[in-house]
1. For the range 144-160, state whether one or more residues are closer than 11 Å to Ala94 by Cβ, of a type in the set (A, V, I, L, M), in the same structural domain as Tyr100 (by TED's automatic domain parsing) and assigned to a helix (DSSP H, G or I).
2. Can you tell me which residues in the range 161-189 are at negative phi, without any contact (Cβ under 8 Å) to a residue 12 or more places away in the chain and in a loop (DSSP other than H, G, I, E, B)?
3. Is there a residue in the range 151-158 that is under 20 Å from the mean Cα position of the chain (by Cα) and touching a residue at least 60 places away in the same chain (Cβ under 8 Å)?
4. Scanning for something crowded, with 24+ Cβ neighbours inside 10 Å, within 12 Å of Ala94 (Cα to Cα) and out of contact with any Cys (no Cβ under 8 Å at 6 or more places or on another chain), does the range 204-212 turn up at least one residue?
5. Show me the helices (runs of 4 or more DSSP H) found entirely inside the range 1-105 where at least 2 residues are under 30 Å from Glu176 (Cα atoms) and among the polar types (S, T, N, Q).
6. Just to be sure, is Ala66 among the hydrophobic types (A, V, I, L, M, F, W, C), modelled with pLDDT under 95, surrounded by fewer than 17 Cβ atoms within 10 Å (Cβ to Cβ) and more than 10 Å from the chain's Cα centre (by Cα)?
Amino acid sequence: MVKDTTLAPPDRRRRKSRAALLAAGEGLFARHGVDAVSVDEIVAAADVAKGTFYNHFESKDDLSRAIASAIRAEVEEAVTSGNAEIADPALRSARALCVYARFAEKAPDRARVLTRIHAGAVKPGATLNRGVVADIERGLAENRFQARSLQAALLFVMGTVIAGMVAVLDGAAPEEIAAALAEMQLAGLGLPAPEAAALGTAAAASIFRETNA
């Protein structure tokens, strides 16, 4: 049987126009922020008609959420890979923070977009938060962490992650700030200060030095 490929060219064009809009939005949002960019500027940068924009996205906010979700998913994949052999929720959390700081160092434009959009960053039920929520829940269950609520712990953890990315983007030494914030994050979650310091330093050294090879 001959496969019907009559829909292939339109499908390819649709994927191409969507990718162009995502790339244009990502670049503009990184340089100017979401609020300062118009739909007209996005379609001009993507070289597509304005009607094409609305074939893919309901609004500029819809586009920004799609961009942030795609970037966050990429970093979360790196976190998952980096923590594949790590069981301790405290060390996992410290390493995750360091992965985000490393991402800010290596991909500053994309990291800047992520810090400016925060798509679903503090919702415990958000798909992209499954990993961090699981680590927090395990830490609480094992009495490694202490917090009034899961929501409060997630807000605290994501706050330090975003702060670390912003600091790196502003010129802070990536490994040093990641280690310091990981230490403070773990201490804030209830770990003894010496252990928090040791885990923060170990996490940063592993993520930054081993991946520099």
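The values are calculated or read from the model by the stated rules, or taken from the named source; none is laboratory data. Treat the numbers as computed from the prediction; the structure is a model and nothing was measured. FYI the Cβ positions are ideal-geometry reconstructions off the backbone, even for glycines, and counts take in every protein chain you see.
1. Of the range 144-160, the ones closer than 11 Å to Ala94 by Cβ are 157, 160.
From what's left, of a type in the set (A, V, I, L, M): 157.
Now drop any that are not in the same structural domain as Tyr100 (by TED's automatic domain parsing), which leaves 157.
Filter again for assigned to a helix (DSSP H, G or I), leaving 157.
Scanning the range 144-160 turns up at least one residue that is closer than 11 Å to Ala94 by Cβ, of a type in the set (A, V, I, L, M), in the same structural domain as Tyr100 (by TED's automatic domain parsing) and assigned to a helix (DSSP H, G or I).
2. Asp170, Ala172, Ala173
3. Checking the range 151-158: at least one residue is under 20 Å from the mean Cα position of the chain (by Cα) and touching a residue at least 60 places away in the same chain (Cβ under 8 Å).
4. Within the range 204-212 (the criterion being crowded, with 24+ Cβ neighbours inside 10 Å, within 12 Å of Ala94 (Cα to Cα) and out of contact with any Cys (no Cβ under 8 Å at 6 or more places or on another chain)), the answer is no, since none of the residues qualifies.
5. On the way: elements: 8-32, 39-46, 50-56, 60-82.
Per the criteria, 60-82.
6. Working: among the hydrophobic types (A, V, I, L, M, F, W, C): yes; modelled with pLDDT under 95: yes; surrounded by fewer than 17 Cβ atoms within 10 Å (Cβ to Cβ): no; more than 10 Å from the chain's Cα centre (by Cα): yes.
Here the answer is no, as Ala66 does not meet what is asked.
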